[in-house]
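Trainee: Below are the C-alpha cells for one structure; questions will follow.
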Amino acid sequence: LSIGASSLALQFCGVPFANPLVLASGVLGVSSSSLGFVATHGAGAVTTKSCSLLPRPGHPTPVVAIVEGPVGERGERRPIGLLNAVGLSNPGAVAMAAEIRAYRERFQVPVIASVFGAHPGEFAEVTAILAEAAPDLFEVNVSCPNVSAEFGEPFAADPVATAAITRRVKDASRGIPVAVKISIHCPSLAVMAKSCADAGADAITAINTVGPGLHIDVHHERPVLSNVTGGLSGPAVLPLAVRAVWEIRKAVSLPILGTGGVADADGALQLILAGASAIGVGTAFWLRGENVLIEIAEGLDRHLAETGRSSISELVGAAHA
Ligand SMILES: Cc1cc2nc3c(=O)[nH]c(=O)nc-3n(C[C@H](O)[C@H](O)[C@H](O)COP(=O)(O)O)c2cc1C
C-alpha cells in the first residue's frame, strides 16, 4: 500500500500531509468518527462540514440526488454527478469544536475546520471558537450556493466581501493557516484569487459545487430535492475545477487545494498539473465507495513510477510550462 509513501508526501501551508488527498467539506457528515473513518482510509487530511455559530437543521430531505446520464452505445444510465442542497446543517461552533477535539485525540491525520457565517463577524466568531480546538488549517466557505434564499448571493461572487471575511478570519485564527474556498461563479477568478491573497489568505480551495442545477424525477413529475435546486458535484464538474485551478495558478503563487470531480488518479493528476498541490475528494465517496482515496493514491504512485518522478511536487503546475 502506497499511503504515506514519501513520493506522495507534501507540506501544505507548512502542515505535513502523507499524501495530497483531502476529504472535501460536508460530503460525509459532521462527526469525528466519520472524519476518522476517512483518515484511516487513505486521506492526507480531512475537512469538517462547514460550521456556523449556532446549530442549523439544514433543508428537509431529500437533500441529495444522484444525477445519471446515458453512457455507451446502449445508453446505459450511469452516475455522472450529484446534486445536493443540504443547507449547511451543522451542530454549531461549540459542538463542532468538541468534535474536532475528539478527532484529534484519536487520529493523527491533519484536520481542516470549515467555517461559515451569515456576515463577516460570524465567520470570525466561529473561527475563534474552533481555534481553541487547534485544527491544522481553516477553510473559509464563502461559496455555498444552496442557502441563497436565506443569505442572498454567496460572498464568493464578490471579491471585496470575500477579502473582508478573509481578513476577519485571519485575525481570529491564532496563526493557524487559512484557505479560502471559492466558486467558479465570480466575475473573474484571477481578481478573486488576488483579492484573497492581498487579504492574507494562505491558500485557496477551488471549487465549491456548481450551478445550481435542477433534477426532475420523470416518474413523479416533480423536482427531487426539497430545495428544488442544488449544487452539482462529481465527475461532470472536473473540467470546471481544472480550469479554475489553472486560472488561479496563473494569477497568484498561493498553494491551491484543487477540488471538484476527482474520482480517479487521472482527475487528481489533471488538477495537480493545472497547479493544485493538494486535491479535495468528495462525491467520489458516494459514487465509488470507501476505498476510493487508497485507489487514487496507488494510481498517483504508479504514475510517478511510470514517468520517472520521485515526488508528486514535481508535477504541480507542470502543464503551464
Ligand atoms: C453532500 C455534499 C455536502 C457538501 N457540503 C459542503 C459544506 O458544508 N461546505 C463546503 O465548503 N462544501 C460542501 N460541499 C462541496 C464539496 O466540499 C466540494 O467542494 C464539491 O462537492 C466538489 O467536489 P467533488 O466533486 O469531489 O464532490 C458539499 C458537497 C456535497 C456533495
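Bear in mind these aren't lab numbers, they're just calculated from the coordinates by the rules spelled out. Worth saying up front: this structure is predicted, and the values here are computed from it rather than measured. All Cβ positions, even for glycine, are placed from backbone atoms using ideal geometry, and neighbour counts span all protein chains on display.
Trainee: Going highest first, how would you order 207-215, 73-81, 32-40 by mean Cβ packing within 10 Å?
Mentor: 207-215, 32-40, 73-81
Trainee: Also, quick follow-up: With each run of n ≥ 4 DSSP H residues scored as -39500 (n - 2.57), what mean residue ellipticity at 222 nm is computed for the chain after dividing by its residue count and rounding to the nearest 500 deg cm²/dmol?
Mentor: It comes out at -10000 deg cm²/dmol, rounded to the nearest 500.
Trainee: Can you pick out the pairs among K170/K194; K194/K250; K170/K250 whose Cα atoms lie more than 20 Å from each other?
Mentor: Over 20 Å apart, Cα to Cα: K170/K250.
Trainee: Based on Cα positions only, what radius of gyration and what Dmax would you give for the chain, in angstroms?
Mentor: When restricted to the Cα atoms of the chain, Rg and Dmax are 18.4, 57 Å.
Trainee: Could you work out how far the C-alpha centroid of segment 237-286 sits from that of segment 166-218, in angstrom?
Mentor: Cα centres, segment 237-286 to segment 166-218: 14 Å.
Trainee: What is the mean projected area of the alpha carbon convex hull for segment 14-74, to one decimal in square nanometres?
Mentor: 7.5
Trainee: Between S7 and H320, what FRET efficiency follows from the Cβ-Cβ distance if R0 is 22 Å, with the result rounded to 0.05?
Mentor: 0.50
Trainee: Here's a follow-up. What number do you get for segment 1-144 when its Cα radius of gyration is normalised by 2.2 N^0.38 Å, N = residues?
Mentor: My calculation over the Cα atoms of segment 1-144 gives 1.17.
Trainee: Which ordering of V316, V15, V180 is given by a fewest-first count of other beta-carbon atoms within 10 Å?
Mentor: Fewest to most other Cβ atoms nearby, the residues stand as V15, V316, V180.
Trainee: Of all beta bridges DSSP finds with both residues in the chain, what is the antiparallel percent, to the nearest 5?
Mentor: 45
Trainee: Rg and Dmax of segment 66-145, Cα atoms, in Å?
Mentor: In order Rg, Dmax, the Cα atoms of segment 66-145 give 18.0, 56 Å.
Trainee: Starting from the Kirkwood Rh over alpha-carbon pairs, what translational D in µm² s⁻¹ does segment 72-231 have by Stokes-Einstein at 25 °C and 0.890 mPa s?
Mentor: 144
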